[in-house]
Amino acid sequence: MQVDLEEGDDGAQVARLPRFQQAVFQGQRLRRFAIGLGAIAALGLVLGFFIGLFAPLSLWPALLFNQCAALLVLVAGLQSAWWVTQWRARAMNPLAPVADADEAEVPEGWYERLLEDFSQRWLMLLRKIGAPTLWLGGWALLALLCVEQAWNLDLPPAALGVSATIGATVALTLAFGLLVLERQLAQENGAQWPEAGTLAQLTRMVIISLVLGAACLFFVKETSVWPVRLVVLTGLLPGFVAFELLLRAVLSLFSPHREQLEPPLLARSFGTDLLRWPPQPLLALQRELHNRFGIDLRQVWAFTYMRRAFMPVLGVVAFVGWSLTGVHEIPLQGRGIYERFGKPVTVLGPGLHAGIPWPLGRVLAVENGVVHELATSVGETSVPVQADPADGPAPMTANRLWDASHVNDKSQVIASSRADKQSFQIVNMDVRFVYRIGLSDQAALAATYNSADVPTLIRSTASRILVHDFASRTLDGLLGEDRVGLAEEIGRAVQADLEKLDSGVEILATVVEAIHPPAGAANAYHGVQAAQIGAQALIARERGAAAEATHQAQLQASIARDQAMATAHEINATAKATDLKFTAEQKAYANAGQAFVLEQYLSQLSQGLTNARLLVLDHRLGGNNNAPTIDLRTFTLPADPALSRKTAQPGAAH
C-alpha cells in the first residue's frame, strides 16, 4: 500500500509504519551491498577485458562478463530499492525549504540568460524523468553490453588447469555469501521491508549464474564442448532480466511522477519471480486482480476446475504429441534413414512409417533419384534469373565466345606446346557434373554418414583431378583431338575417387561446356593460331611434295627390283625343272635302256603329230626295191606336215 503525504499523512502518522521506521537502516545496508558488489563487478570487468585483449578465444572473458552482468543487475535492484528507502527517510524527516527562485541571482547578458534557461530546462527534464529511472536504465544497458560481448558460441574448448579450480572456488565463495544475503532478505517481514522479496529473487538469479559458472569450470576439458557452450548460455538469464528492467525504465517515463506519493520499486522482474519452487507465474496476476478490482479467482469454480485438470490434460496432450513424433511421412521423391537410439536401422521408402518417438528414434531425409547439376567453379555474385522472351536475343548464359568471361569459368594451368622449353599456359574451362545419390540403401547410408557436404566434396575432388589431368595436356590438344574423350576420362576419375571415399554419389554425366584461352587473350590467340595454322600448312605441303617424290622413286626402284627378281626366279625355276627332268630321264634310261629311248621318241612323235596332217609313205606300195625316204632332221616340235613335204627329198637315206 502506497502512502500519499498530500492526503493528510504527517510525520507522526508515517512514523508508525514499520517500513518508514527501518528506512534509514535499510538504506545503509543497501548502500554497502551495492558498493561492495559494484566493486566486485568492476574488478571482474577489468580482468575480463585484459584477458580478452591478450586471449580472445579464452573461456574467461565470457565467464567473467556474464557473471558481472548478473552482479550489475543485482546492483541495479539494490540501488532502486535504496531510492525508495531514501524517499521514506525524507518522509520521516522533511528537508528544510529551499530558497525561492526569485531570490537567485539573475544573469545580466543575453548569452548567460540563454545558457541559464537551457540548463534549467534540462534540469527540469531530468527531474521529471527521475534519477532512479536513469540509473536503472544505465545499469541495464551496461549489463546487456556485457552479455553481448560474451556471446560467442564458437569458443574452442581448452584445459584451464589450476586457474579453473581457483575461479570455481571464488565463484562458490561469492555464491555462498549471496546465499546468506538471500536467506536474510527472504525472511524479512513484508510490512517492514516490502522490497526484500524482490531483492531476494534477484539474488537467486546471481547465485544460479555463479553456481553454473563454477560447475563449468570444474568440468572444462580440451575434449568437452558443453561446458564452454553452457558458460556462454548462462548470460541469457541476466540478459533477460536486464532487458526487462530496461523496458520497465522506459515505460516508467509514461507514468505520472508525484513527489508526495511513495514511489514503487522499479527493479521488479517477472523472470526472477519464476525462480521459486513450485513456479507460480499467475500468482502476481491473481494478486493484482484481487487488490485492484476485488476479483478473487480462487472463488471461481471454473478456474478452480481448470487449475486441477490443467496438469493431467497437459500431460495427456504432451504424451500424445510426443508419441506422434514417431510417425514419419516420406515423400515420393525422397527416402528416409531410420535411426533407433542413434543407430541406423533401415532405409525407408516413400509413405507413412511408424517408429519410437523422438529423440529415441528419428528419420533422416535422403534424396531418391533427384538429379543435380554441379559446376566446378561458382561465381561470387549470383545473377538473378530472368525470363528471356522467345523472340528476343539469346541470353548471356548462352554466350560461348572466347572474348567473354562467364560466371562458371575456372582458370587452369596446362602444359605448353613448346618442345624445347619448359613453360605453361592458362585456359578457362567450364566443366559440369550431373550426379545423384545412389539408388541403393548402402549408397543412401554412405551419402548421409560419410559426407557432410556432397557438392563441396564433388567440387574439391573434381578440382584436384582436373589439376592433375590438365598438367599433362596442351592447349592444341584440348581444343582438338583430346577434347573428345576428356569428359569421359574426367568422369571416370571423379567416380573412382568418390567410390574410394565411399561417398554414395553416382556421376551420371560429365559435360565440358567450354574450354578456351582467357577472354583477354582471345584475339591474340586467334592471330597466333592462324599464323601457326598457315605455317603448318606450308610445312605440310612441302613435306607432302618431298614425300611424293621420294615415294615415286621408291616405287620405280621397287618395280625394277621386283621385275629382276621375278626374271631370276623364272630362270632359276626353269633350270631346276630341266635339271630334275634330265636327272629323271637319266635314271630311267639307266633302268630301262633302249626301251625308254624308244618310248620317249614315240611320245615326242605322238605329241608333235597330234594335230598334224600326215602323209604316209610305204615302200611296199611300189614294185621296185627303192624304198622311199623321209628326212626327219627338218621336223621339229611341233611338226608341220606342209613344211615337211617341201623339205622332203625323195631318195634320201634314213
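Report the residue count in the range 443-458 for those that are out of contact with any Asp or Glu (no Cβ under 9 Å at 6 or more places or on another chain) and either in contact (Cβ under 8 Å) with a residue 60 or more places away in the chain or open to solvent by less than 10 Å² (accessible area, probe 1.4 Å) (or both).
5
Which of the residues that make up the range 31-59 are open to solvent by 70 Å² or more (accessible area, probe 1.4 Å), over 16 Å from ALA69 (Cβ atoms), modelled with pLDDT of 90 or more and aromatic (Phe, Trp, Tyr)?
Residues of the range 31-59 open to solvent by 70 Å² or more (accessible area, probe 1.4 Å): 31-32, 35, 40, 43, 46-47, 49-50, 53-54, 56-57.
Those still in the list that are over 16 Å from ALA69 (Cβ atoms) too: 31-32, 35, 50, 53-54, 56-57.
From what is left, the residues that are modelled with pLDDT of 90 or more are 31-32, 35, 50.
PHE50 - this is the single residue of the range 31-59 that is open to solvent by 70 Å² or more (accessible area, probe 1.4 Å), over 16 Å from ALA69 (Cβ atoms), modelled with pLDDT of 90 or more and aromatic (Phe, Trp, Tyr).
Here are the criteria: (1) touching a Phe, Trp or Tyr at 6+ places or on another chain (Cβ under 9 Å); (2) part of a helix (DSSP H, G or I). Tell me which single one ALA215 does not satisfy.
Result: ALA215 passes all but (1).
I'd like the residue in the range 427-437 that is at pLDDT below 85 and open to solvent by 10 Å² or more (accessible area, probe 1.4 Å) and, out of all such residues, is farthest from VAL494 (Cα to Cα).
The first filter runs over the range 427-437 and keeps only residues at pLDDT below 85, leaving 427-433.
Those still in the list that are open to solvent by 10 Å² or more (accessible area, probe 1.4 Å) too: 428, 432.
Values: ASN428: 20, ARG432: 12 Å.
Looking at the filtered set, the residue picked out is ASN428.
Out of the residues in the range 459-484 that are at pLDDT 70 or above and open to solvent by less than 30 Å² (accessible area, probe 1.4 Å), state the one that is farthest from VAL528 (Cα to Cα).
For the range 459-484, the residue satisfying everything is THR461.
Going by what's in this entry, would LEU155 be described as touching a helix residue (DSSP H, G or I) at 6+ places or on another chain (Cβ under 6 Å), farther than 19 Å from LEU71 by Cα and in contact (Cβ under 8 Å) with a residue 60 or more places away in the chain?
Values: touching a helix residue (DSSP H, G or I) at 6+ places or on another chain (Cβ under 6 Å): yes; farther than 19 Å from LEU71 by Cα: yes; in contact (Cβ under 8 Å) with a residue 60 or more places away in the chain: yes.
In short, yes.
So, in the range 140-198, how many residues would count as being of a type in the set (Phe, Trp, Tyr) and assigned to a helix (DSSP H, G or I)? Walk me through how you get there before you give the answer.
Filtering the range 140-198 down to residues of a type in the set (Phe, Trp, Tyr) leaves 151, 176, 193.
Restricting the remaining residues to those that are assigned to a helix (DSSP H, G or I) gives 176.
So the answer is 1.
Search the range 319-348 for residues that are under 11 Å from LEU364 (Cβ atoms) and pair each with any residue that is in a strand (DSSP E or B) and hydroxyl-bearing (Ser, Thr, Tyr) when their beta-carbon atoms are under 6 Å apart and the residues are at least 6 apart or on different chains.
From residues that are under 11 Å from LEU364 (Cβ atoms), the pairs are TYR338/THR346; LEU348/TYR338.
For GLY504, all conditions in the list (1) within 32 Å of the chain's Cα centre (by Cα); (2) modelled with pLDDT under 75 hold save one; what is the number of the exception?
(2)
Residue-wise test of (1) open to solvent by 50 Å² or more (accessible area, probe 1.4 Å); (2) farther than 27 Å from ARG19 by Cβ; (3) modelled with pLDDT under 90; (4) not hydrophobic (A, V, I, L, M, F, W, C).
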| residue | (1), (2), (3), (4) |
| --- | --- |
| GLU222 | yes, yes, yes, yes |
| TRP277 | yes, yes, yes, no |
| ASP296 | no, no, yes, yes |
| VAL313 | yes, yes, yes, no |
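Residue-by-condition table, conditions (1) part of a loop (DSSP other than H, G, I, E, B); (2) among the aliphatic types (A, V, I, L, M); (3) modelled with pLDDT of 85 or more:
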{"position": "PHE310", "(1), (2), (3)": "no, no, no"}
{"position": "ILE337", "(1), (2), (3)": "no, yes, yes"}
{"position": "ILE356", "(1), (2), (3)": "yes, yes, yes"}
{"position": "PRO359", "(1), (2), (3)": "yes, no, no"}
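For a quick check of your reading of the model, give me the residue pairs whose first member lies in the range 362-378 and is more than 21 Å from LEU332 (Cα to Cα) and in a strand (DSSP E or B), whose second is at pLDDT below 80 and open to solvent by 70 Å² or more (accessible area, probe 1.4 Å), with beta-carbon atoms closer than 7 Å and at least 6 apart or on different chains.
Within 7 Å, no pair qualifies.
So if I check each of LEU253, LEU247, which one is open to solvent by 40 Å² or more (accessible area, probe 1.4 Å), farther than 22 Å from LEU63 by Cα, in contact (Cβ under 8 Å) with a residue 24 or more places away in the chain and not in a loop (DSSP other than H, G, I, E, B)? Walk me through how you get there before you give the answer.
Details: LEU247 fails: in contact (Cβ under 8 Å) with a residue 24 or more places away in the chain.
Residue meeting the stated conditions: LEU253.
Mind listing just one residue for me: the one in the range 507-546 that is surrounded by 19 or more Cβ atoms within 10 Å (Cβ to Cβ) and within 30 Å of ARG436 (Cβ to Cβ) and, of those, modelled with the lowest pLDDT?
Filtering the range 507-546 for residues that are surrounded by 19 or more Cβ atoms within 10 Å (Cβ to Cβ) and within 30 Å of ARG436 (Cβ to Cβ), the one modelled with the lowest pLDDT comes out as HIS516.
The values are calculated or read from the model by the stated rules, or taken from the named source; none is laboratory data. If you're wondering where the values come from, they're calculated on a predicted model, not measured in any experiment. Note that each Cβ is placed from the backbone with ideal geometry, even for glycine, and that neighbours are counted across all protein chains shown. SASA here: full protein model, heavy atoms, side chains in, ligands and nucleic acids out. Shrake-Rupley method; radii C 1.70, N 1.55, O 1.52, S 1.80 Å.
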